[in-house]
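Below: one structure, written as C-alpha cells.
The values are calculated or read from the model by the stated rules, or taken from the named source; none is laboratory data. What you are looking at is a predicted structure, and each value in this text was computed from that prediction instead of being measured. Counting neighbours? That spans all protein chains shown, and the Cβs are built from the backbone with ideal geometry, glycine included. Only protein heavy atoms, including side chains, enter the accessible area calculation; ligands, DNA and RNA are left aside. Shrake-Rupley method; radii C 1.70, N 1.55, O 1.52, S 1.80 Å.
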Amino acid sequence: LTRAILGSLGIAARRVVDLGCGTGSAGAAAAIACGDVPIDGYDLSPWAVAEANWTYRTLGLRGRATQVNLKQLKIRVESGGLVLASYAVNELPDEARAPLLAQLMQAHAGGASILIIEPIARRVNLWWNDWSETVLAAGGRGDDWRFRDLLPPRQRTLAKGAGLDVQEMTARSLYLPGRPPG
C-alpha cells in the first residue's frame, strides 16, 4: 500500500525517516521505492524496533530503527529526505499531535517531504481535519486511496485462508512535497 501511494504521488527521496516505524514494513517499502535509500526508524516499542531492524537487514537496507518516544523525538532530516508517519499519528495521544505537526512543518520548511498515511476511519478523528488544513495551506494535498489487487498471490491465499476477503486496500494520506533530491 505504501509503495502504491508513493508511486502514485511520484515521491523520490534520498533518505526515509519513519516515525512510529512498527515492524518497519511501510518505511522499508518507501526506502525501496525511492531507490534503496537509507532509512531511520523510530518507535516506542522495543519489540517493534527489533522487528524493524530485522526487516531492514533482511531486505538489505541501510539504516536502523531506534527506540524513542515520538513525544521526545527531535526530527532531523535533510533537504530531499522523506518523513513518513504511516499508521502512527492516529495512535498518539492528543497532546503529542500538535508538537509533532509543528516539527513536521519545520522539517518541510527545511526541504523535506512529509507523508502521513492513516486508515480511512469510520469514526471521526478530529485531528485529521486540523492537520489537513495545515498541509493544504502549505501547498500539500490530501487523498483517499483505493487499490485493487495489491496482494501477491501467496498473501491473497493466506488472507482467504484466514477468512479475509481482500478486494481492495484503502488508506488516506496527507503529502507535502519537499525539495527534490539532487
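Are any residues in the range 65-80 of a type outside the set (Asp, Glu), in contact with a Gly (Cβ under 8 Å, 6 or more places away or on another chain) and either crowded, with 16+ Cβ neighbours inside 10 Å or more than 15 Å from Gly24 (Cβ to Cβ) (or both), and if so, which ones?
Going through the range 65-80, the residues of a type outside the set (Asp, Glu) turn out to be 65-77, 79-80.
Within this subset, residues satisfying the condition of being in contact with a Gly (Cβ under 8 Å, 6 or more places away or on another chain) are 65-66, 70, 77, 79-80.
Selection gives Ala65, Leu70, Val77, Ser79, Gly80.
Glu133 - would you say it is of a type in the set (D, E, K, R) and within 17 Å of Ser25 (Cβ to Cβ)? Spell out how you get there, then give the answer.
On the way: of a type in the set (D, E, K, R): yes; within 17 Å of Ser25 (Cβ to Cβ): no.
Judged against the criteria, Glu133 is not a match.
Being open to solvent by less than 50 Å² (accessible area, probe 1.4 Å) and in a strand (DSSP E or B) narrows it down to one residue among Val135, Val166, Val83; which is it? Talk me through it step by step, then tell me what you get.
Values: Val135 fails: in a strand (DSSP E or B); Val166 fails: in a strand (DSSP E or B).
Result of the check over Val135, Val166, Val83: Val83.
Are any of the residues in the range 32-45 among the hydroxyl-bearing types (Ser, Thr, Tyr) and within 21 Å of Gln106 (Cα to Cα)?
At the first step, the residues of the range 32-45 found to be among the hydroxyl-bearing types (Ser, Thr, Tyr) are 42, 45.
Filter again for within 21 Å of Gln106 (Cα to Cα), leaving 42.
Yes, the range 32-45 contains at least one residue that is among the hydroxyl-bearing types (Ser, Thr, Tyr) and within 21 Å of Gln106 (Cα to Cα).
Return a yes/no flag: does the range 103-117 have any residue that is more than 21 Å from Arg179 (Cβ to Cβ), at pLDDT 95 or above, open to solvent by less than 60 Å² (accessible area, probe 1.4 Å) and in contact with a strand residue (DSSP E or B) (Cβ under 8 Å, 6 or more places away or on another chain).
Step one: list which residues in the range 103-117 are more than 21 Å from Arg179 (Cβ to Cβ), which gives 117.
Narrowing the set further to residues that are at pLDDT 95 or above leaves 117.
If we keep only those that are open to solvent by less than 60 Å² (accessible area, probe 1.4 Å) as well, we get 117.
If we keep only those that are in contact with a strand residue (DSSP E or B) (Cβ under 8 Å, 6 or more places away or on another chain) too, we end up with 117.
Yes, the range 103-117 contains at least one residue that is more than 21 Å from Arg179 (Cβ to Cβ), at pLDDT 95 or above, open to solvent by less than 60 Å² (accessible area, probe 1.4 Å) and in contact with a strand residue (DSSP E or B) (Cβ under 8 Å, 6 or more places away or on another chain).
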